[in-house]
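Everything on this sheet refers to the single structure shown next.
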Amino acid sequence: MDSLIITGNGPLKGEIPISGAKNSALKLMAACLLTDQPVTLSRMPNLADTRFLSELLSSLGVEVYWPRNDSTCHLNAAELKSTIAPYEQVRKMRASFNVLGPLLARMGHATVSLPGGCAIGARPVDLHLKAFEAMGADILIEQGYVKAAAIHGLKGAEIEFPFPSVGATEHAMLAATLAKGTTVLKNAACEPELADLADLLNMMGSKVSGAGTSTITIEGVEKLNGATHTVMADRIEAGTYAMAVGAVGGDVLLKDAPSEALQAMCDVLAAAGVETIAEPEGLRVKRGEGRLKAVNVDTQPHPGFPTDLQAQFMALMATAEGVSTIRENIFENRFMHAPELSRLGADIIVRGKEAVVTGVAKLKGAPVMATDLRASVSLVIAGLAAEGETVVNRVYHLDRGFERLEEKLGACGARVQRQSE
């Protein structure tokens, strides 16, 4: 099992290229199931999660051509040989569950295992299934599998979510593209990845409007064609590296970073004392000498502060001057990184949905263990800011969402080395 050895080495300086967004790429890949024509995705992030999904798609009969270290993925679902997504594959990654909607819409039936993924709360799929039922699907949950059928096809419906679930919104949008009639999604998630998915679907011949707002309208069509699409840059990866610069200082250009999608983070960083500048080539992040200021943060659906940057921000606040309160409003049980940060000397008290962080002057290196994807990279940030050597174990979590992290940080002066056992 791999680990990362990190030695605190001062400011970061240089340029970090931002990869395609994992949270978008996975749903874009699932969209290939809606058509019998080729779909080509460029700027694909080469991650454990995207590779897991390519294996699952292959098992369904999708022809996948995606050489290692290539950022272009070719998908062709001309002849599907199965509509069953087994537990052995879906358990590896929650987003695999999103093959259910496209298979149901195109084939009229599907059997998909209930999902796995990071242990950051229950994250039930009931909103996904209620959306399909509203579109006329019959749903049966049996022995850990969802069995869905719409033999005469899905039908357009008006669906109002009780809260703006990103996963349910994306999944319903995928299925509705081939439904008969018009589907309206109300209280929909507004994350930029929704707009990226809509762009691909519309290039495939869908009629999706309003993606990125709280009301999305999808006029169903009989058939979709192939398309070529560039995955949007990963705002979470960009935000993570911005936090790293904030933690250790320096001047780094995050090439291709989607500045507009990161406004909430930029506002918080500015309050803490980290400068962000939108440039034609991306987002520049600068921090000079002196301690940062403690800032309070509440995670919120977009355009609020992202839950996927909460752990990284906690690492940043660990050495800020003052006391910051971080409230997690999206996922339960998403403070598992707090005890590990405390091993490095951070002063953190968790009370239910709140974490109170009292900044310390210095962190000191120690062995720590990653518990989920975003928690793992928060430990990397803390390790960069700590004195001495930090060893982050169980970095397979990290490999699910960060491409070439050691290489990208190393190019800016960080000392991060991977060790394989």
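Data table
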read-out	value
Scan of region 354-382 for residues that are in a loop (DSSP other than H, G, I, E, B) and either under 13 Å from L316 (Cβ atoms) or modelled with pLDDT under 95 (or both), ordered by number	G359, V360, L363, A370, T371, D372
Yes/no for G205 being outside the structural domain of L398 (by TED's automatic domain parsing), over 22 Å from T35 (Cβ atoms) and of a type outside the set (S, T, Y)	no
Leading residue by the ranking (surrounded by the fewest Cβ atoms within 10 Å (Cβ to Cβ)) among those in region 131-183 that are under 28 Å from the mean Cα position of the chain (by Cα) and of a type in the set (S, T, N, Q)	S165
Hey, L80 at pLDDT 95 or above and out of contact with any Lys or Arg (no Cβ under 9 Å at 6 or more places or on another chain) or not	no
Tally of residues being in a strand (DSSP E or B) and out of contact with any strand residue (DSSP E or B) (no Cβ under 8 Å at 6 or more places or on another chain) across region 74-99	0
Candidate set: region 33-72, residues that are at positive phi and out of contact with any strand residue (DSSP E or B) (no Cβ under 6 Å at 6 or more places or on another chain); chosen: the one surrounded by the most Cβ atoms within 10 Å (Cβ to Cβ)	G61
Residue match in region 236-247 (condition: assigned to a loop (DSSP other than H, G, I, E, B) and in contact with a Gly (Cβ under 8 Å, 6 or more places away or on another chain))	no
Selection from region 290-317 of residues that are closer than 19 Å to A386 by Cβ and more than 24 Å from the chain's Cα centre (by Cα)	G290, R291, L292, A294
Hits in region 144-166 - residues which are of a type in the set (S, T, Y) and either over 20 Å from L114 (Cβ atoms) or in contact (Cβ under 8 Å) with a residue 40 or more places away in the chain (or both)	Y145
Flag for V221 being closer than 29 Å to T72 by Cβ and either in contact with a strand residue (DSSP E or B) (Cβ under 6 Å, 6 or more places away or on another chain) or assigned by TED's automatic domain parsing to the domain that holds T35 (or both)	yes
Tally, over region 168-195, of residues that are touching a Gly at 6+ places or on another chain (Cβ under 9 Å) and acidic (D, E)	2
Exclusive hit being touching a residue at least 12 places away in the same chain (Cβ under 8 Å) and under 30 Å from K353 (Cα atoms), set R106, R94	R94
Filter result (in a loop (DSSP other than H, G, I, E, B) and over 18 Å from the mean Cα position of the chain (by Cα)) within region 187-209	N187, M204, G205, S206
Residue match in region 390-405 (condition: over 22 Å from the mean Cα position of the chain (by Cα), part of a loop (DSSP other than H, G, I, E, B) and at pLDDT 95 or above)	no
Residue within region 239-247 that is within 21 Å of the chain's Cα centre (by Cα) and within 29 Å of N76 (Cα to Cα) present	no
Region 7-50, residues that are over 24 Å from the mean Cα position of the chain (by Cα) and at pLDDT 95 or above	T7, P11, L12, K13, G14, T35, D36, Q37, P38
R394 in contact (Cβ under 8 Å) with a residue 60 or more places away in the chain and touching an Asp or Glu at 6+ places or on another chain (Cβ under 6 Å)	no
Strands (runs of 3 or more DSSP E) fully within region 1-66 counting 3 or more residues that are among the hydrophobic types (A, V, I, L, M, F, W, C)	3-7
Test: residue in region 73-83 that is farther than 17 Å from L174 by Cβ, crowded, with 23+ Cβ neighbours inside 10 Å and assigned by TED's automatic domain parsing to the domain that holds A176	yes
Qualifying residue in region 334-354 (condition: surrounded by 14 or more Cβ atoms within 10 Å (Cβ to Cβ), touching a helix residue (DSSP H, G or I) at 6+ places or on another chain (Cβ under 6 Å), of a type in the set (G, A, S) and under 30 Å from P164 (Cα atoms))	no
Condition met for A270 (over 21 Å from the mean Cα position of the chain (by Cα), touching a residue at least 60 places away in the same chain (Cβ under 8 Å) and surrounded by fewer than 24 Cβ atoms within 10 Å (Cβ to Cβ))	no
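The values are calculated or read from the model by the stated rules, or taken from the named source; none is laboratory data. Given the structure is predicted, the values throughout are model-derived calculations rather than measurements. Neighbour counts run over all protein chains shown; Cβ positions are idealised from the backbone, glycine included.
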